[in-house]
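Report on the following structure.
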Amino acid sequence: METMAIMVRVIRQITGDKRTLGLILVVPMLMMTLIWLLLGETGYVPTLAVAGLPIELETKISDDGGVVATSMSVAEAKASVKDGTSDAALWLEDGKLHLLFETSDPGKDSLVVKALQKAMKSLVPAGLPGVLSAPEPEYLFGASSDSSFDSLGYVLLGVLAFFFVFILSGIAFVRERTGATLERLLASPVRRSQVVAGYTAGFGVFAMIQCTIMVVFAVTVLGLHTNGSLALTVLVMVLLGLSATAIGAFASIFAENEFQIMQFIPVFIVPQFFFSGMISLDTIPLGLGVLSRIMPVYYACDALRVVLVKGGGFLDVLPQVGMLAAFVVLFSFLNVLVLKKHRRM
Amino acid sequence: MIGVRNVFKSFGKEQVLRGISLDIPAGEVYGLLGPSGSGKTTMVRILAGTLAADSGAVTLDGVPQPNRRSLSRIGFMPQYDALYNDLSGLDNLRFFGRLYRMDRRRLNARIDDVLELTGLGADRKKRVSLYSGGMKKRLSLATALLHGPDVLLLDEPTVGIDPVLRRTIWEEFARLRAEGRTLVVTTHVMEEADRCDRAGLLYGGHLIASGEVGALKASAPGGTLEDLFFQAAR
């Protein structure tokens, strides 16, 4: 009952404040739209050098208008990528399609890949001669990071969800401490665990609403491509939101006012963004990639990738979901312990 | 009823309480008097169980504190208004009432009672951030009285309250005492000590005197409680 009372109070406080409500519900959508605009359709038409393609495919690629295709020899095509006159080269060699980019450029590369996929897909019913499979992109410089909105979308979902809930929870707890209401709360017969559970539940409700809105918005409005279950996506996001609640509350111990919570952004949020899988962890030097193992956003993004990109089921993301749950439990436990400072029992 | 035995408390290097022992009998108004910085608030927080003493013991009817069951018998009004500014006065009361496991009917009846007593009935739906300082103080008192506790720990309950309301509030204290409740009230206003049955005088973390207010005055060289502080200061 006490847990319930605290939960209801937290919800009332949030719904009573239009600014906070907007931060939770509207701002994530706004930011996702912005990033979608930055990474998504631009109207840019990349140039593609083609060599030795079956005539049907070449015509199709040219006619669709997604790219400007120029026919030349294989050597010329490769050279044109190198000197920058073409954004990409596509040729047929040993019965296989090859696709070459100069370097990984999220915007241009995805446009080329999309145009090629579209052309190949439309040719499937006609029976493409030689049965070609989609090429694995090759790069003159650098490795593939494959970072269009489709492949970055899940990282954004995770990072944004964590970010907003962390800030709100941290600030709410700092206010509770500095406003002495926490002390007043602990003068009542409430259990310390009920205080933490009430807070987690209250923010959990908003995390759930926020995550559902974000996922549905990303998929339906922004057209984030997904192969997996939306319910599973929301589950992962909610667990991430709960861990952000618990970690935000924990961080508030080290903050004396709301502004100091903001100062924690570079400490608690930015590293998690870097280690979210946006940058390939295997390429991070000195084995620092293992740091990701202590970051909830990493597990959430990993799980979101498995679900959204690979279409994985519950069992596929069980390890990540388990780790997220472990973060929630660990930090909630720490928060209950910390309240001992105010009351020993 | 309330027993304090040899309580010490420091914040960092600063020793705030240096071996306080006192007894507060049931059904009386006990005034904890002293200048600011003398340790009154620290003492009350330790009594309320929201602050742990470094050493020493506090008991309520012989039960060592803090104890969760005892907490529901205590009403605590902290020095600074511990209220949720972004909620209405009514929502604040509802929230605290539910923490004390009050059922809906009793809670609603009690909310009406304490709002009437503190004169906040008309402002119950207003957000606390719009309350004046005195109104916040009254709401803070209302939350302490809400669950009908038999021990009330009130830290500077009448600071910032106008004289008329101050009188009403002291009349309410007298009524609560008549019901057999125990009140511990801190104040640095010596006139308020006259309304207490018993008083403890805190100075520099020591209890320099305690006992019935009349007897304390009689023992003072000039016949007032201030004289006892002047004596200690010398």
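Just one of the numbered conditions (1) assigned to a helix (DSSP H, G or I); (2) out of contact with any Lys or Arg (no Cβ under 8 Å at 6 or more places or on another chain); (3) closer than 25 Å to residue B:140 by Cα is not true of residue A:188; which one?
The single condition residue A:188 does not satisfy is (1).
Looking at (1) within 19 Å of residue B:71 (Cβ to Cβ); (2) more than 16 Å from the chain's Cα centre (by Cα), find the lone condition where residue B:164 falls short.
(1)
Residues are listed down the side, and each one gets a yes or a no for (1) assigned to a helix (DSSP H, G or I); (2) over 30 Å from residue B:53 (Cα atoms):
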| position | (1), (2) |
| --- | --- |
| A:286 | yes, yes |
| A:297 | yes, yes |
| A:302 | yes, yes |
| A:312 | no, yes |
| A:318 | yes, yes |
| A:343 | no, no |
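Among the numbered criteria (1) out of contact with any Asp or Glu (no Cβ under 8 Å at 6 or more places or on another chain); (2) at pLDDT 80 or above, which single criterion is violated by residue A:82?
In the conditions (1) out of contact with any Asp or Glu (no Cβ under 8 Å at 6 or more places or on another chain); (2) at pLDDT 80 or above, residue A:82 misses (1) alone.
Given the residues A:12, A:19, which is the only one that is farther than 29 Å from residue A:152 by Cα, under 32 Å from the mean Cα position of the chain (by Cα), assigned to a helix (DSSP H, G or I) and free of Cβ contacts under 8 Å to residues at least 60 places away in the same chain?
Answer to the check: A:12.
Is at least one residue of the range B:4-11 touching an Asp or Glu at 6+ places or on another chain (Cβ under 8 Å), charged (D, E, K, R), more than 13 Å from chain A (Cβ to nearest Cβ) and buried (at least 22 other Cβ atoms within 10 Å of the Cβ)?
Within the range B:4-11 (the criterion being touching an Asp or Glu at 6+ places or on another chain (Cβ under 8 Å), charged (D, E, K, R), more than 13 Å from chain A (Cβ to nearest Cβ) and buried (at least 22 other Cβ atoms within 10 Å of the Cβ)), the answer is yes, since at least one residue qualifies.
Out of A:26, A:45, which single residue is touching a residue at least 24 places away in the same chain (Cβ under 8 Å) and out of contact with any Asp or Glu (no Cβ under 6 Å at 6 or more places or on another chain)? I'd like the intermediate steps shown before the answer.
On the way: A:26 fails: touching a residue at least 24 places away in the same chain (Cβ under 8 Å).
On inspection, the qualifying residue turns out to be A:45.
Could you grab me the full set of residues in the range B:95-106 that are assigned to a helix (DSSP H, G or I) and either modelled with pLDDT of 95 or more or facing chain A (nearest Cβ under 10 Å) (or both)? Even if it seems obvious, please write down each step before you answer.
Our first condition is that a residue be assigned to a helix (DSSP H, G or I); within the range B:95-106, this holds for B:95-99, B:104-106.
Those that are assigned to a helix (DSSP H, G or I) and either modelled with pLDDT of 95 or more or facing chain A (nearest Cβ under 10 Å) (or both): B:95, B:96, B:97, B:98, B:99.
Has the range B:24-32 got any residue that is at pLDDT below 95, more than 14 Å from chain A (Cβ to nearest Cβ) and more than 25 Å from residue B:147 (Cα to Cα)?
No, that holds for no residue.
For the range A:223-269, give me each residue that is within 14 Å of the chain's Cα centre (by Cα) and outside any helix (DSSP H, G or I).
A:224, A:225, A:226
Residue A:183 is checked against (1) modelled with pLDDT of 85 or more; (2) of a type in the set (Asp, Glu); (3) within 30 Å of residue A:38 (Cβ to Cβ) and fails just one. What number does that condition carry?
Only one criterion is unmet by residue A:183, namely (3).
Would you confirm whether any residue within the range B:76-90 is more than 13 Å from the chain's Cα centre (by Cα), assigned to a helix (DSSP H, G or I) and buried (at least 19 other Cβ atoms within 10 Å of the Cβ)?
Yes: the range B:76-90 contains one or more residues that are more than 13 Å from the chain's Cα centre (by Cα), assigned to a helix (DSSP H, G or I) and buried (at least 19 other Cβ atoms within 10 Å of the Cβ).
Of everything in the range A:1-44 that's modelled with pLDDT under 80 and surrounded by 14 or more Cβ atoms within 10 Å (Cβ to Cβ), which residue is nearest to the other protein chains (Cβ to nearest Cβ)?
A:35
Are any residues in the range A:187-205 buried (at least 19 other Cβ atoms within 10 Å of the Cβ) and either charged (D, E, K, R) or over 30 Å from residue A:311 (Cα atoms) (or both), and if so, which ones?
Once the filter is applied, which keeps residues that are buried (at least 19 other Cβ atoms within 10 Å of the Cβ) and either charged (D, E, K, R) or over 30 Å from residue A:311 (Cα atoms) (or both), the range A:187-205 yields A:187, A:188, A:189, A:190, A:192, A:194, A:195, A:196, A:197, A:198, A:199, A:202.
Working only within the range A:94-138, note down all residues that are acidic (Asp, Glu) and modelled with pLDDT of 80 or more. Break it down into steps so the answer makes sense when it comes.
Within the range A:94-138, the subset acidic (Asp, Glu) is A:94, A:102, A:105, A:109, A:136, A:138.
Hits for the range A:94-138: nothing passes.
Residue B:42 passes all but one of (1) within 12 Å of another protein chain (Cβ to nearest Cβ); (2) without any contact (Cβ under 8 Å) to a residue 40 or more places away in the chain; (3) closer than 27 Å to residue B:233 by Cβ; (4) not small (Gly, Ala, Ser); which number fails?
(1)
Looking at the range A:206-233 only, could you name the residues that are under 18 Å from residue A:324 (Cα atoms), free of Cβ contacts under 8 Å to residues at least 60 places away in the same chain and crowded, with 19+ Cβ neighbours inside 10 Å?
Across the range A:206-233, the qualifying residues are A:207, A:211.
Scan (1) more than 10 Å from chain A (Cβ to nearest Cβ); (2) under 19 Å from the mean Cα position of the chain (by Cα); (3) on the phi < 0 side of the Ramachandran plot for the single condition residue B:130 breaks and write down its number.
(2)
Considering only residues that are polar (S, T, N, Q) and either touching a Cys at 6+ places or on another chain (Cβ under 8 Å) or in a loop (DSSP other than H, G, I, E, B) (or both), which ones fall in the range A:270-284?
Listed by number, the residues that qualify are A:276, A:280.
Can you name every residue in the range B:48-72 that is facing chain A (nearest Cβ under 9 Å), at negative phi and assigned to a loop (DSSP other than H, G, I, E, B)?
Scanning the range B:48-72 gives B:50, B:51, B:52, B:66, B:67, B:72.
Answer with yes or no whether residue B:18 is more than 17 Å from the chain's Cα centre (by Cα) and part of a helix (DSSP H, G or I).
Details: more than 17 Å from the chain's Cα centre (by Cα): yes; part of a helix (DSSP H, G or I): no.
Answer is no for this residue.
Residue check, residue B:111 against (1) away from every other protein chain (no Cβ under 14 Å); (2) touching a residue at least 40 places away in the same chain (Cβ under 8 Å); (3) among the β-branched types (Val, Ile, Thr), all met but one. Which one?
Failing condition for residue B:111: (2).
Residue B:195 versus (1) part of a helix (DSSP H, G or I); (2) under 16 Å from the mean Cα position of the chain (by Cα); (3) among the charged types (D, E, K, R): which is the lone unmet condition?
So the condition that residue B:195 fails would be (1).
The values are calculated or read from the model by the stated rules, or taken from the named source; none is laboratory data. Since the model is a prediction, treat every value here as computed from it, not as a measurement. Quick reminder, even Gly has a Cβ in these numbers, built from the backbone with ideal geometry, and neighbours come from all protein chains shown.
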